[in-house]
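Chemist: Take a look at the following structure, please.
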Amino acid sequence: MLDTLSIQALSLPEYASIIGYDECAFFGVSYDGQIEYDCRMFWTEYQRMDVYRALMEAQQLMEDVVGYPLCPTWIVGQRDEFVEHRYLDEQELGKSNPLLTRWGFVIAPGVRAESTIQASATVTYDTEPAVVGPFATTINNIAEVKVYYPGSDREITPFRMTYTGGNLTIYIPRCRLVDTPNMTDSGYDYTDTDNFLAAVDVKRIYNDPSTGATLVAPHQCSGGGCTCSTVGCSEYTQTACMYTRDKRLGIVDIVPATYSSGVWTRVVNCTYNYEIVRLNYQAGLRVLDTTMKSALVRLAHARMAAEPCGCTIVQRLWERDRKTPDVMSRERLNCPFGLSEGAWTAYKVAQSRRIVRPRIL
């Protein structure tokens with residue numbers, strides 16, 4: 001089992017729903033009456049991860065065309081070995097202000113932060129869906145609550161959550177809580193709760209606004225910030241406030257400032273030696289509509305070398321999306337996603353959702 005799954009715009013339960021697959025069979029769980037479904041072959045962890053990788057590849061291809069992440073994503077300004085280059089925003093700082101962020105649909109300046117709401121929270125299987133909680137906590141936005149396999153970064157998608165009177169309750173379909181996803185051909189028995197997680201980790205993943213932008217001078221400066229220091233050989237950095245003029249297009253102003261207790265205070269000093277700016281912000285779509293979800297699925301199928309499952313309906317969808325017509329237009333021949341029906345359909349959707357951003361001189 002993978003301990004970590006990257007940021008994903010389309011979850012695996014959503015994928016199963018879109019292709020019309022019984023969710024429990026998708027997660028390798030058997031129950032009485034399951035034979036009534038046309039698609040009931042039990043998926044293995046390998047098959048699910050093959051779909052996951054294809055969905056992530058499709059997501060990246062579409063994001064590069066539309067110009068914004070397809071789900072809320074933190075973009076960082078500091079280079080790090082653990083940071084995907086595509087989610088890095090370090091720019092040369094010209095004489096212009098405002099700036100254009102690398103990604104559009106800016107949600108807010110800041111960096112990713114997390115805190116544990118409840119470690120090893122007990123899962124109760126007396127009802128369907130299973131229940132985690134209620135337990136007392138303080139949160140500002142229920143969307144910040146995330147559920148994980150214990151001791152890992154592998155996220156579990158809840159069915160719904162409620163927050164009433166300071167108490168949080170989470171509802172998760174049992175089949176999404178399989179303890180060991182590597183199953184046998186017969187599947188896991190739905191009625192045996194030993195097959196499912198006894199506890200989960202509940203965390204708050206939120207935006208920390210105290211780190212916005214960082215202005216960088218390549219050489220250490222003197223106290224006034226206007227001349228290079230005569231000693232040392234290191235960069236000089238200055239924290240900065242990042243004000244968003246246009247969230248959709250990603251137009252921002254950068255002002256030298258310090259942050260304390262939720263308040264930015266402007267720093268008045270010489271700034272013309274700054275040559276680099278590192279931008280930290282969250283960007284992306286908060287909600288992915290049906291058209292975009294369908295496009296992701298079709299492009300994922302187009303990127304897969306073999307059908308993900310032996311079920312007839314899934315095979316038909318895969319064959320539809322992998323099919324390449326005998327006659328194609330010049331535009332289609334140059335489609336960067338590929339020549340198949342699924343690739344072409346997804347590319348047309350991405351083109352229609354692309355944001356055209358101005359060039360700031």
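The values are calculated or read from the model by the stated rules, or taken from the named source; none is laboratory data. Not measured: the values here are computed from a predicted model. Cβ placement follows ideal geometry from the backbone for every residue including glycine, while neighbour counts extend to all protein chains displayed. Just the protein is used for accessible areas: all its heavy atoms, side chains included, with ligands, DNA and RNA removed. Shrake-Rupley method; radii C 1.70, N 1.55, O 1.52, S 1.80 Å.
Chemist: Can you list, largest first and rounded to whole Å, the semi-axes you get for region 124-213 by taking the square root of 5 times each eigenvalue of its Cα gyration tensor?
Modeler: Semi-axis lengths for region 124-213 are 28, 17, 9 Å.
Chemist: State the percentage of accessible surface on region 114-175 attributable to carbon and sulfur atoms; use a 1.4 Å probe and exclude ligands, DNA and RNA.
Modeler: 46
Chemist: Please compute the per residue accessible area over the chain with all protein chains in place, 1.4 Å probe, rounded to a whole number of Å².
Modeler: 51
Chemist: Between the helical axis of 312-322 and the dominant principal axis of the chain, each derived from Cα atoms, what acute angle in degrees is found, rounded to the nearest 10?
Modeler: It is inclined by approximately 40 degrees.
Chemist: Let me ask something additional. Report Rg (one decimal) and Dmax (nearest whole number) for region 63-174, counting Cα atoms only, units Å.
Modeler: Calculated on Cα positions, Rg and Dmax stand at 18.6, 63 Å.
Chemist: By how many nm would the segment from Asp179 to Leu339 grow when fully extended, if each residue of separation counts as 0.36 nm and the alpha-carbon distance is taken off?
Modeler: 53.6 nm
Chemist: Picking from Thr237, Gly151, Cys71, whose Cα lies most toward the positive end of the charge dipole for the chain (charges on Cβ: Lys, Arg +1; Asp, Glu -1)?
Modeler: Farthest along the dipole direction, towards plus: Thr237.
Chemist: Full extension from Asp189 to Glu90: what is 0.36 nm times the residue separation minus their Cα-Cα distance, to one decimal in nm?
Modeler: Extending this stretch completely gives an extra 30.6 nm.
Chemist: OK, next. Note the full-extension length gain between Ile355 and Arg248 as 0.36 nm times their separation in residues minus their Cα-Cα distance, in nm to one decimal.
Modeler: Between Ile355 and Arg248, full extension yields an extra 37.7 nm.
Chemist: All other residues with a Cβ under 10 Å from the Cβ of Val297 taken together, and with Lys, Arg as +1 and Asp, Glu as -1, what is their net charge?
Modeler: 0
Chemist: P(r) for region 320-361: what percent of alpha-carbon pairs falls in each 10 Å bin, starting at zero?
Modeler: 27, 44, 18, 9, 2
Chemist: Quick one: with all protein chains in place, what share of the accessible area of region 290-359 is carbon or sulfur, to the nearest percent (1.4 Å probe)?
Modeler: 46
Chemist: For the chain, take the longest principal axis of its alpha carbons; what is the angle in degrees between that and the long axis of helix 45-66, to the nearest 10 within 0 to 90?
Modeler: Approximately 40 degrees, to the nearest ten.
Chemist: On to the next question. Calculate, for Thr324 and Thr157, the FRET efficiency according to 1/(1 + (r/R0)^6) with r their C-beta to C-beta distance and R0 35 Å; round to the nearest 0.05.
Modeler: After rounding, the FRET efficiency stands at 0.55.
Chemist: Can you pull the three principal axis extents for the Cα set of region 230-351, in Å, largest first?
Modeler: The Cα atoms of region 230-351 stretch 69, 33, 28 Å along the principal axes, largest first.
Chemist: Mind pulling the angle between the C-alpha long axis of helix 290-303 and the longest principal axis of the chain? Nearest 10 degrees, somewhere in 0 to 90.
Modeler: Relative to the chain, helix 290-303 is tipped by roughly 80 degrees.
Chemist: Roughly how far apart, in whole Å, are the Cα centres of region 307-352 and region 139-198?
Modeler: 34
Chemist: How big is the Cα convex hull of the chain in projection, averaged over all directions, in nm²?
Modeler: In nm², the orientation-averaged hull projection of the chain is 22.3.
Chemist: Checking the table Lys146/Lys247; Lys247/Lys293; Lys203/Lys348 against a 27 Å threshold on Cα-Cα, which pairs fail?
Modeler: In this structure, Lys203/Lys348 lie more than 27 Å apart at Cα.
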